[in-house]
Amino acid sequence: MKVTQKIEFDEDVSSICESTGALTEGCRLPVRMHKTEDWPLAEVVSIKDLDGKRQFYVHYVDFNKRLDEWVTEEDVDTRKVQFPRRDGTQTGASTGVTTPKKHHSSLPGSVSRPTSPQPAASNEMVNGNAVLAAALQKKINRKRKLNSVPAPPLAVVPEIPPPIITPAPTPAPIVVIPTTPVPVSVSEEASQDGKNATPRQSGSMVIHQDDVVTRMKNVEMIELGKHRIKPWYFSPYPQELCQMPCIYICEFCLKYRKSRKCLERHLAKCNLRHPPGNEIYRKHTISFFEIDGRKNKVYAQNLCLLAKLFLDHKTLYYDTDPFLFYVMTEFDSRGFHIVGYFSKEKESTEDYNVACILTMPPYQRKGYGKLLIEFSYELSKFEGKTGSPEKPLSDLGLLSYRSYWAQTILEIFISQKPTSDGEKPTITINDICECTSIKKEDVISTLQNLNLINYYKGQYIVCISRDIIDQHKKAMDKRKIRIDSKCLHWTPKDWSKRSKW
């Protein structure tokens, strides 16, 4: 829960703003948030003069960066300024309070590729950051492996479909605890594994540098098809385009132009009416296309640039060869319009089935996010594997995944029926993983997050109340669109046996 403070002014605002000349980058002070009367603490990222008045680009401390904005002198309260010190702390000028400065840095060794896409053969990907990115990419090894978590015991339950992955060694019998309405027994070992899952140390992590340029939104507006969208974060589009009031993007090939006239000329020549690659799924108006990052490099790079506008700490980099992109589209008479996408590594040493995932803002809160997640796990089922998204997740991504995991796991619990002799159903963590392709750590964390795990007579059990069942049914009623495995026409490839991607 975000705590904000509302400032009651005892003096004229203009007299407060007379001291804004002393503000520098790195200062922290209360700032009035746009379209609210809240005054949360904010850090000054950049300062500029406009018509003789100072403007400040601020980041609201403990708030998401998508709320960062330019504010005027009238929106800052200089009575409570914390000035930065050389040792990296903030000192309160009026209160004498010293507050640690919050650095925007990633975990050590968490990057294997630079942050910006590499310039393509066409001059559409020109950006100075790519030089630094290329140098960094050579220094870091993608193949760093993390310690794998041991597999939990497996018990076979008649009510569950046949296993999708190879069963683990058979454990000692599971004791059934009679509880109502839906009891599920899990082993103690399984319930404790995976608590300290470490973040990914390779893949699609973005370098967090104290670079003022990358900390500021650099694109004012984009036009994608019939939608005009205000970006959330920095993306390394060419500098000359970032100075325009709007960047115009072809919704089919994702190439970008500086004006609508230029886009119209491009559309007259562009033959694409859908993403390149293979259409591997279609049901009603929803289609999924699989794009190889090596075969369709320019499209993949343009997709990365577009996605970076709405993803802060994760996106793929210019080296798109090791990745596959799955683009979800909605079809109408004009063509296949991009709704969202996710990417995954062709070979993942940590069994990640998603590297980056994004639903475009015009399609958010309509169920498309869960559809993307459901499709990623459907691919994992076809591969005969369990999978997990690359960590860390964004705030919106974490909410979507937790909701999907909860609904999927609860759906399994509720569908369990008593055995023919009237005994209560039992299921293990491994059974859930095999049915859903959700990785064990995510199953356990979901059960803990829902507060469903209880310890009873030497057993960890899951007991679901009637209220949770009712809430689940209401949530499932809202999910009008689901993935139909019969409509997926796809054969997984063994990339480890290929000398070249």
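The values are calculated or read from the model by the stated rules, or taken from the named source; none is laboratory data. Nothing here was measured: the structure is a model prediction, and the numbers come from that model. Counting neighbours? That spans all protein chains shown, and the Cβs are built from the backbone with ideal geometry, glycine included. Quick note on the areas: whole protein, heavy atoms, side chains included, nothing else; ligands and nucleic acids left out. Shrake-Rupley method; radii C 1.70, N 1.55, O 1.52, S 1.80 Å.
Put simply, the amide H of Asp319, placed in the peptide plane, has neighbours under 5 Å in Gln118, leaving out anything fewer than 5 places away on its chain. Kirkwood radius for region 354-466, taken over all pairs of different Cα atoms as the inverse mean of 1/r, rounds to 15.4 Å.
How far, in nm, would the chain grow between Arg79 and Cys246 when pulled straight, counting 0.36 nm per residue and subtracting the alpha carbon separation?
Details: separation 167, 0.36 × 167 = 60.12 nm, distance 3.73 nm.
Taking Arg79 through Cys246 to full extension adds about 56.4 nm, to one decimal.
Projecting label points 7 angstrom from Cα along Cα→Cβ for Ser46 and Glu69 puts them 1.8 nm apart.
For region 320-366, taking Cα atoms only, Rg and Dmax work out to 13.0, 42 Å respectively.
Segment His34..Asp395, full-extension length gain: 127.9 nm, with 0.36 nm per residue of separation and the alpha-carbon distance subtracted.
Using 0.36 nm per residue and subtracting the Cα-Cα separation, the extra length available between Asp484 and Glu347 on full extension is 46.8 nm.
When Ile412, Ile291 are compared by accessible surface with a 1.4 Å probe, the order from highest to lowest is Ile412, Ile291. Computed from backbone phi, the HN-Hα couplings of region 248-255 come to 9, 10, 5, 6, 9, 9, 6, 6 Hz, rounded to whole numbers (Karplus: 6.51 cos²θ - 1.76 cosθ + 1.60, θ = phi - 60°; Gly and Pro given as x).
Mind checking Rg over Rh on region 232-271, alpha carbons, Kirkwood formula for Rh? Don't jump to the answer; show the numbers that get you there.
Details: Rg = 10.7 Å, Rh = 10.8 Å.
Taking Rh as the inverse mean 1/r over Cα pairs, Rg/Rh reads 0.99.
In this structure the amide hydrogen of Lys439, modeled in the peptide plane, comes within under 5 Å of the amide hydrogens of Gly387, none closer than 5 places in sequence on its chain.
Ranked by the mean number of other Cβ atoms within 10 Å of their residues, highest first, the peptides 218-229, 245-256 come out as 245-256, 218-229. Pairs from the table (Lys295/Lys381; Lys255/Lys308; Lys255/Lys346; Lys35/Lys80) lying more than 18 angstrom apart at Cα are Lys295/Lys381; Lys255/Lys346; Lys35/Lys80.
Nearest 5 percent is fine: what portion of the DSSP beta bridges confined to region 31-78 is antiparallel? Antiparallel bridges: around 100 percent, rounded to the nearest 5. At an R0 of 30 angstrom, the distance between the Cβ atoms of Ser403 and Glu220 translates into a FRET efficiency of 0.40.
Legend: residues Trp39, Trp232, sorted from most to least accessible area (1.4 Å probe; ligands, DNA and RNA excluded), read Trp232, Trp39.
Once both labels are positioned 7 Å from their Cα atoms along Cα-to-Cβ, the gap between Lys497 and Arg260 label points is 5.3 nm. Counting only heavy atoms of the protein chains and using a 1.4 Å probe, His489 has close to 140 Å² of accessible surface.
Out of residues 5 or more away from Met221 or on other chains, whose amide H comes under 5 Å of its own, with H placed 1.01 Å from N in the peptide plane? Amide H neighbours of Met221, under 5 Å, 5+ apart: Ile247.
Count charges around Glu251 for me, please; just the other residues with Cβ under 14 Å from its Cβ, Lys/Arg as +1, Asp/Glu as -1.
Working: positive: Lys226, Arg228, Lys255, Arg257, Arg260, Arg273, Arg334; negative: Glu223, Glu264, Glu330, Asp332.
That works out to +3.
In region 15-84, inverting the average of 1/r over every pair of distinct C-alpha atoms gives 11.9 Å as the Kirkwood radius.
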